[in-house]
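Peer 1: Can you keep this structure in mind? I'll have questions shortly.
Readers should treat all values here as calculations from the given coordinates under stated rules, not as data from a laboratory. What you see is a predicted model, and the numbers here were worked out from it, not measured in a lab. Don't worry about glycine lacking a Cβ; one is built from the backbone with ideal geometry, like all the others, and counts go over all protein chains shown.
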Amino acid sequence: MSWTLGPDDIAGLARGAAVLGTGGGGDPYIGSLLARQALNQHGPVTVVDLDDVPDDALVLTVAMMGAPTVMVEKLPSLDEVVAPVLALGASLGRPVTHIACAEVGGVNSTIPVAAAAALGLPLIDGDGMGRAFPELQMVLPTLYDVTASPLAFSDEKGNVGVLNTVDNHWTERIARVACVEMGCSIMIAGFPMDGATARAALVGGTLRHSVEIGVGIEEARTSKTDPVARTVGVLGGRELFAGKVADVERATTTGFARGRARVDGTGSSLELSFQNEHLIARIDGTVVVTTPDLIIVLDHESGEPITTEGLRYGQRVRVIAAPSDPRWHGAAALAMVGPGYFGYDVDAHRFDGTVSTGAEAAA
């Protein structure tokens, strides 16, 4: 089934995607502005289920690459979003038929909306992660041997390029250097795949799920019920901690926003380590949840998601954890997105406190 996404749906989509973005993916407000501009200018977007994508489709993922902290001050334009899609279509010699989200998180759930609206293309209800991760190769399509390249990229100055690499790790390495040189924030289009591959490799239903989460938070506030508890229920997760942000260390280095934050509660503290997204949660020094499961910071009262660049001293927050797509707990996936990849010598802890064994299969 397909459904129509219009300007009035963007607030719920952006809020819910910011929840699933686990602190990363960029400021949802900025992405909302861009998506609304495109929808108001070009009309609503048709969102299609993964099962309805034809086998001979040409699907591209569209996203922002770089440090979310930079995008707050370096706003993208519609021309910048559309340019890599057009460049990649020309390079492939085939018309692009569908747009997809590389990740569902912050601006990277709404930038593809802007691209689809401006180009008059359908948007797939799904994404490459079911959450957000900081590096380009960290998508489920990598586990299905989908190549990121050719990858097209553009910046606000009008620079456009198409990159061909030997594998997805090299795509990340080379594109990251270009990203840093181009101001630490660029638009990209890549991971070209046909419909059959998209159906196997993407996480279906995540845009609709984002709207459900975002609208649920607003409904809870309106009905004077607990929006955080509402979100925990929708995600099937659990609340880890509640307290006040006591310290934040953050720096933009090598194209990422890296740092840590401490939340103090009654006689206890929680520490978050992040690289764009939250990667590790420790309570009083003990690891309780790690990537690839979701670690999410919400405002204590409103339930509004707080990104890593939005964390500030004195904020009263509640930290929740939720399960990721089961495929992220396979051995190959953990090697790509588990805590060890980011330099943490700890086991992968699931949202429920159990340790992941790496037994899940990719397919």
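Peer 1: Would you list I306, I217 from fewest to most Cβ contacts within 10 Å?
Peer 2: So the residues, fewest neighbours to most, are I306, I217.
Peer 1: On to the next question. Compare I174, I111, I320 in a GNM of the chain, Cα atoms joined below 10 Å, and give the one with the largest fluctuation.
Peer 2: Maximum fluctuation in the GNM of the chain, among the listed residues, is at I174.
Peer 1: Right, something else. Name the lysines eligible as straight-distance cross-link partners of K74: C-alpha to C-alpha under 25 Å, and not fewer than 8 places from it in the same chain.
Peer 2: Here the lysines satisfying the reach criterion relative to K74 are K157.
Peer 1: If you count, for each residue, the other Cβ atoms within 10 Å and average over each peptide, how do 3-9, 229-235 line up from highest to lowest?
Peer 2: Result, highest mean Cβ count within 10 Å first: 229-235, 3-9.
Peer 1: If you take the beta carbon distance between R94 and N40 as r and set R0 to 22 Å, what does 1/(1 + (r/R0)^6) give as a FRET efficiency, to the nearest 0.05?
Peer 2: 0.15
Peer 1: Now a separate question. Using just the helices of the chain, give the 222 nm mean residue ellipticity in deg cm²/dmol: DSSP H runs with n ≥ 4 each add -39,500 (n - 2.57), and the total is spread over all residues, rounded to 500.
Peer 2: Working: 11 runs with 116 residues, N = 363.
Calculated mean residue ellipticity at 222 nm is -9500 deg cm²/dmol.
Peer 1: Sum up the charges of everything whose Cβ sits under 14 Å from the Cβ of M129, counting Lys and Arg as +1 and Asp and Glu as -1, but leave M129 out.
Peer 2: Values: positive: R131, R327; negative: E103, D127, E135, E277, D293, D325.
Neighbour charge sum, excluding M129 itself: -4.
Peer 1: Let me know the charge dipole size of the chain about its Cα centre in debye, to the nearest 20, where only the beta-carbon of Lys, Arg (+1) and Asp, Glu (-1) is charged.
Peer 2: 580 debye
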